Structures are given as structure tokens and as C-alpha cells.
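Chemist: Here's a structure for you.
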Amino acid sequence: TILDVSDRWNYENEILDAKRKAEADSKAKADFLATISHEIRTPLHAILGIGNLLHNTPLNENQKEYARLLLSSSEHLLSLVNNLLDLSKIEAKRLELECSSFNLLELLTILKQTYAVRAKEKGIELCLKLDKGIPENIIGDPTKLNQILTNLVGNAIKFTKVGTITISIFLIKNSKKEVHLQFEVADTGIGIPAEKLETIFQEFSQASKDVSLEYGGTGLGLTISKKLLELQDSQLSVTSELNKGSKFSFAIKYAVDKKKVKKVEKIVTTVE
């Protein structure tokens, strides 16, 4: 029996060539995006610095408002560039996890203080809750944790007009060597339709076009948070009800810093 497989062989070779080309194109795009994003950040930092200096000089009311708009627009653009840079690094597998000791309570306190002004301006109550017995000093990646929580809290404030935003940390499991923590960010905002709960984690995705037009944003924050958690063997979960609010949660295991064994007393702090 003789079977001519030349066509199949050629077809498979064409598929392999197309796959290699697509991978090369994807890598080139990711490298270009990473490079250009990094280059854009440098002048943006200069603009922000000069804008802050200008804002702190004696100005009339109109000039003060122009300086404020300049700062606001620059910060928004810098946030977008940072998101694109992070996404390109993740896709290019060039993002590495840190492993250092950090004070969890200090990180959360700074996070709350960072958003206290925005919450107060909108009349939103911002609350921080920690379970008793959580080690204050743990070993892991504080930068990634702060980035994830910043994305979640920033979104909560953006999509909440009245009510409360609560950052909660629960103690799932604790031993001498490691601690398993559950993080939750809950709000009383506009909520997410049930049929959109899966798609909100996709790149450049938001719950609806109306949401995108009214609130702005790129839809990258949740995508990046999800990918950062996957690097740490965790998952980002969401429960939500339309017009009643949303709750995002994730769990991470951290090593306990044995040199600093102070534990958190039960904490509930509120900013109104």
C-alpha cells in the first residue's frame, strides 16, 4: 500500500512556520511595548514633578485649577503606562516575585491613608479590618500585594457613589513557619451583572460600554491583578449583585518572619 503524505507534510510544516512567526511577532510586540512604555515613563515623571512644584507656588484660582488638571491627567497617563508595562512584562514572562520581609499592618495603613482623601471627597466610609493573631511581619512580595490591593481599592472607590468600602484580612491558617491569609475588598457600589462576572478579568474589558464611558479606565487593573495572583499560586474571585456592590477576594500563603514575631491585635479602623 502506498500513501502520498506530501500534502499533509507540507500542511504541517506551514502550520509550524505560522506558529513560529506568530510567536516571534508576539515577542517583538511585547519587547517593543515594554521598551516604549519605559521610555514614556521617564518624561512623565518629570511632568509630574514639575506639576507638583507648580501647584505649590502662589497661583490664582484659575491657574490652580489648570495645575490640578495637569497633575490629574499626568497621573492617569502614568497609571495607564504602568499597567501596559506590567502586562507586557507578565506576557513576556519577565516579571519575577520578590521575597523580602515586610510589615503587613504598615502596608495596609499606608494603603488606607493613600485613598482616605478620595474616599472623603466622595463621602464614602473606608474601613480596614484585620483578624487577631495575624503576624505583623511576613516574608513575600509586598510590591505585588500592594499593587493588587491598590487596583481593587481604586476600582471600589471609582465605582462606589455612596456607602462603605471595607478592606478585610482574615486568618485562614497559622503555624510557626507560615501563615495563610484571605484578603477581601468589598464595596456598596454599582455592582456587576451576573453575565459579566467572567469577562471582567479579560484584557481591556469592563462590565459595559456605559460603565466605560461614565467611569473611564482601560479595564487592565483586574487582568493584571489576576495574573499577579496566578504567579503566586492564587486566584482572584468575585461575587457581586447589580446596584448592591461587589466583593473581590484572594488567598496567599506567606512565610512568617521568625525574627519579628509580633502579632496583630484585632483591628477595625474607619475613615469617614
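The values are calculated or read from the model by the stated rules, or taken from the named source; none is laboratory data. Since we're looking at a predicted model, the values are computed, not measured. Positions of Cβ are generated from backbone atoms using ideal geometry, with glycine treated the same way; all protein chains shown enter the neighbour counts. Ligands, DNA and RNA are stripped out before the accessible areas are found, and what is left, the full protein with its side chains, is counted by its heavy atoms. Shrake-Rupley method; radii C 1.70, N 1.55, O 1.52, S 1.80 Å.
Chemist: If packing is taken as the mean number of other Cβ atoms within 10 Å per residue, what is the order of 39-50, 163-174, highest first?
Modeler: Sorting 39-50, 163-174 by mean packing, highest first, produces 163-174, 39-50.
Chemist: Next question, about the same structure. List the DSSP H helices in the chain whose Cα atoms stretch 30 Å or more along the helix axis and whose mean Kyte-Doolittle hydropathy is at least 0.0.
Modeler: Correct list, ordered by number: empty.
Chemist: Let me ask something additional. Roughly to the nearest percent, how much of the accessible area of the chain is carbon and sulfur, given a 1.4 Å probe?
Modeler: Roughly 55 percent, rounded to a whole number.
Chemist: While we're looking at this one, here's another question. Beyond a 27 Å Cα-Cα separation, which of these cross-linked pairs lie in this structure: 93/260; 129/173; 176/227; 29/226?
Modeler: 93/260; 176/227
Chemist: Could I ask something else about it? Can you tell me which aspartates and glutamates have their Cα less than 18 Å from the Cα of residue 161? Leave out same-chain residues fewer than eight positions away.
Modeler: 121, 125, 187, 210, 214, 241, 272
Chemist: A further question follows. What net charge is computed for the residues neighbouring residue 172, neighbours being all others with C-beta under 13 Å from the C-beta of residue 172, Lys and Arg scored +1, Asp and Glu -1?
Modeler: Neighbourhood net charge equals -1.
Chemist: Okay, next question. Would you please put 112-121, 177-186 in order of how densely packed they are, using the mean number of other Cβ atoms within 10 angstrom per residue and starting with the highest?
Modeler: Ranked by mean Cβ neighbours within 10 Å, highest first: 177-186, 112-121.
Chemist: For volume of the Cα convex hull per residue in Å³, pick the label among [x] 198; [y] 207; [z] 118 that corresponds to the value derived from the coordinates.
Modeler: [y]
Chemist: Can you give the extra length, in nm with one decimal, that the chain gains between residue 53 and residue 8 once fully stretched, where that is 0.36 nm per residue apart less the Cα-Cα distance?
Modeler: Length difference between fully extended and current span is 9.5 nm.
Chemist: Taking amide hydrogens as modeled 1.01 Å from N in the peptide plane, which residues meet the under 5 Å criterion relative to residue 163, leaving out close sequence neighbours?
Modeler: The list, which skips near neighbours in sequence, is 125.
Chemist: Order these peptides, 13-24, 139-150, by their mean beta-carbon neighbour count within 10 angstrom, highest first.
Modeler: 139-150, 13-24
Chemist: Continuing with this model, one more query. Based on the Cβ-Cβ distance from residue 45 to residue 244, what FRET efficiency comes out when R0 is 45 Å, to the nearest 0.05?
Modeler: 0.70
Chemist: Go ahead and run the numbers for FRET between residue 253 and residue 170, Cβ-Cβ distance against an R0 of 22 Å, rounding to 0.05.
Modeler: Taking R0 as 22 Å, the efficiency between residue 253 and residue 170 is 0.95.
Chemist: With the other protein chains left in place, how much accessible area per residue, in square angstrom, belongs to the chain at a 1.4 angstrom probe?
Modeler: With all protein chains present, the chain gives 61 Å² per residue.
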